[in-house]
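These notes are about the structure you will find just below.
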């Protein structure tokens, strides 16, 4: 390729470094320097471009910037027009590279490709928004390019369905923050959302369910309201074209071989039994999957993918591949016959065989597949890319095998998790992922060497919608965590700074509000956490604000009448030894944060000395043993901060401090088998006055039911020490999801009265 020198002004020497540049751009550019002078933004702007630039792109940029700028012509001090030149030089710079130079009368936006021109125009739009209040823009020079080529966001349209209008608004947010991949999850157990003309029952039947799971996951409760919807092929084309104009690639996901109930309900012959299937009302993983031994199932999916590839120009097609139970394959004659004919040693290799057949078809059409990291099991298809969601291990394994990887670990990239104190957040599926945690993410695992790291294409944030029913709630869960991930993926690692990002984010909130985006302000939610107090029986309640700054608090005793509460500025942990409710909220001019509330209820065991025979598993150990006596009973919003988790039995001993009259005692446990969390087999309660010799007071077997269940014992004893011996089987029994795998045991608050 022939190379030409860039315009000299684009290589201006930096007069000040980025640290002093007064801009609040997100994501942060690779290099920015301020130069002398300002541009008057009250004057009209003309946009000019050479013949090598697509006129549609020029018009889109012009329209976007005019909306952002909104000049007042009568106030323009100099009638000469401002000009913006869009230039595509012939260079060997990396894809999406751009340079932006602002002088008093002229803006030059130079990029090696049209995607770079568009990314640069997003920077300019943000700069114009900043200048709108002061009516002028500092002169500057920016050179910029992305760190990773895959910068993505996902949206689940299967659990809950989103209109074309909202989907476009979601794409606009991706575009604003320079993301370039939209992963559209279109099929699952709960609904098939894309019209397939050759197989119309996929939407006639598969797009509708007879109800939906409601309330916390553990309750397993459902309504009876028919729910559904789907996109016509014309609507799919409309969304794809809208994204393409903004240089965003739409990656469709058609789930296989698991998460297939919506398709099986429409065409039951595609399953192993041909039995009665229904579009599922609940969330989770289900045993009914596509039959991997039936050639007609593969041919059916080839029909589907043929129409999908005609609608989506994406080189990459997502075929799912995750959470596929193998129980139906073990009993299926066709699946077992294929395993024998192909010499496959187990059902994992049968899944790999299925995926490889699908990949061969997709490759024959000039496309490639990507799948969740379970497609590694049984052997990875020859040309497949992997989306690593169960931690980083799948991504590491794929990169070492020289396969492309998109990192999307649940720990940092699942935006359906709570982002603030669950007691003060909308119901979510679980987890706890703050803006800061997202910003701390490093997509390249340390286990990879420099050559292997080249296979990490980037990362993406996922928005699964089991508990997300409205567009406003989608925005609340995605924003601002999307912005944090956007900067992780665009900005050079050395340029990232969390405190600086939080400062810029604070300036972004008013702009999001003006765009009618329901961004979460959980970042400004006061965290209220109990710690062991200075004496047994006392709790030191710590309050922190991740974004920094002072905040106010109230403290209330029963009956919790807010009119009687005392107001104070928090300065040190609050020491409590009886029932209390504490509130905290940010105190900053021009910023209103959500109010955090936490109620502490005391009993004889609260904040007393506690010992464990076995520590909880490190994944579910936050707060340590004190979590069991911290005055907080775990609610239905299950998160790590309220439960301790074990993969075996444990003995728990509490020292009440002195001999006490005890009439009742209990401990809470969780039964959520779809999450591999099982109740104890047995709980024994014992008492002692010396802490050495314990007398058994009662024993209980597992209780039926789902959700939190309390093991309670009625006793008459005068004792100082109480002990719970909680016995657990260790493995998930047959007939439950994950049978044979290690089971979790979750325990929470101990109560002694």
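Using R0 = 35 Å, the C-beta based FRET efficiency linking residue 365 and residue 219 works out to 0.20.
With Cα atoms defining each centre, region 39-55 and region 640-682 are spaced 67 Å apart in the structure. For region 243-338, rounded, prolate or oblate, judged on the Cα gyration tensor with a ≥ b ≥ c (square roots of eigenvalues), a/c < 1.5 rounded, else prolate if a/b > b/c? Prolate is the answer for region 243-338, as a/c is 1.5 or above and a/b outweighs b/c. Set the Cα radius of gyration of region 64-217 against 2.2 N^0.38 Å, with N its number of residues, and you get 1.47.
Taking Cα atoms only, the orientation of helix 481-490 departs from the longest principal axis of the chain by about 50 degrees.
With the simple spin-label model, which puts each label point 7 Å out from Cα in the Cβ direction, the residue 315 to residue 595 separation comes to 5.4 nm.
Dividing the alpha-carbon radius of gyration of the chain by the rule-of-thumb value 2.2 N^0.38 Å gives 1.07. Placing pseudo-labels 7 Å out from each Cα toward the beta carbon at residue 60 and residue 345 gives an inter-label distance of 5.0 nm.
With a cut-off of 8 Å between alpha carbons and a minimum separation of six or more residues, what is the relative contact order of region 609-752 in percent? Write out the running numbers ahead of the final one.
On the way: 358 pairs, mean separation 48.4, N = 144.
Relative CO of region 609-752 lands at 34 percent.
Peptides 666-678, 525-537, 688-700 ordered by packing proxy, namely the average of other Cβ atoms within 10 Å per residue, highest first: 666-678, 525-537, 688-700. Structural descriptor for region 163-285: relative contact order 35 percent, calculated from alpha carbon pairs under 8 angstrom and at least 6 residues apart. With contributions of -39500 (n - 2.57) from each DSSP H run of at least four residues, the per-residue ellipticity at 222 nm computed over the chain stands at -7000 deg cm²/dmol. DSSP assigns beta bridges within region 150-515; of those with both partners inside it, close to 20 percent run antiparallel. Once the chain from residue 690 to residue 401 is taken as fully extended at 0.36 nm per residue, the excess over their C-alpha distance is 98.1 nm. Length gained on full extension, residue 295 to residue 449, computed as 0.36 nm times the residue gap minus the Cα-Cα distance: 51.3 nm. Annotation for region 480-530 versus region 201-262: alpha-carbon center distance of 29 Å. In nm, to one decimal, how far is the residue 540 label point from the residue 168 one, both placed 7 Å along Cα→Cβ? Inter-label distance under the simple model: 5.6 nm. Largest first, the three principal axis extents of the alpha carbons in region 609-752 are 45, 28, 24 Å in whole numbers. Suppose we keep just the DSSP beta bridges with both residues in the chain; what percent of those would be antiparallel, to 5? Among the beta bridges of the chain, antiparallel pairing accounts for roughly 70 percent.
Size of region 110-171 from its Cα atoms: along the principal axes, largest to smallest, the extents are 48, 30, 17 Å.
Evaluating kT/(6 pi eta Rh) at 20 °C and 1.002 mPa s, with the Kirkwood radius of region 83-143 over Cα pairs in the Stokes-Einstein relation, gives 181 µm² s⁻¹. So, in Å, what gap is there between the alpha-carbon centers of region 122-144 and region 576-597? Their Cα centres are 37 Å away from one another.
Working ranking of peptides 644-652, 407-415, 47-55, 657-665 by packing, defined as the average number of other Cβ atoms within 10 Å per residue, highest first, is 407-415, 644-652, 657-665, 47-55. Hydrodynamic analysis of region 677-724 uses the Kirkwood radius over alpha carbon pairs. Inserted into Stokes-Einstein at 25 °C and 0.890 mPa s, it gives a translational diffusion coefficient of 204 µm²/s. Take every Cα pair under 8 Å whose residues are at least 6 apart in sequence, average their separation, divide by the length of the chain, and the relative contact order is 9 percent. Seen from a random direction on average, the alpha-carbon convex hull of region 150-515 projects onto 18.2 square nanometres. Summary of packing: across the peptides 292-301, 495-504, 480-489, the per-residue average of other C-beta atoms within 10 Å ranks them, highest first, as 480-489, 292-301, 495-504.
In a fully extended conformation the segment linking residue 499 and residue 241 would gain 89.1 nm over its present Cα-Cα distance, using 0.36 nm per residue.
Using the alpha carbons alone, the radius of gyration of region 525-600 stands to its Kirkwood radius in an Rg to Rh ratio of 0.97.
Read-outs throughout are calculated quantities, based only on the coordinates presented, and are distinct from any laboratory measurement. Predicted model only: the values in this text are computed from it and were never measured. Neighbour counts run over all protein chains shown; Cβ positions are idealised from the backbone, glycine included.
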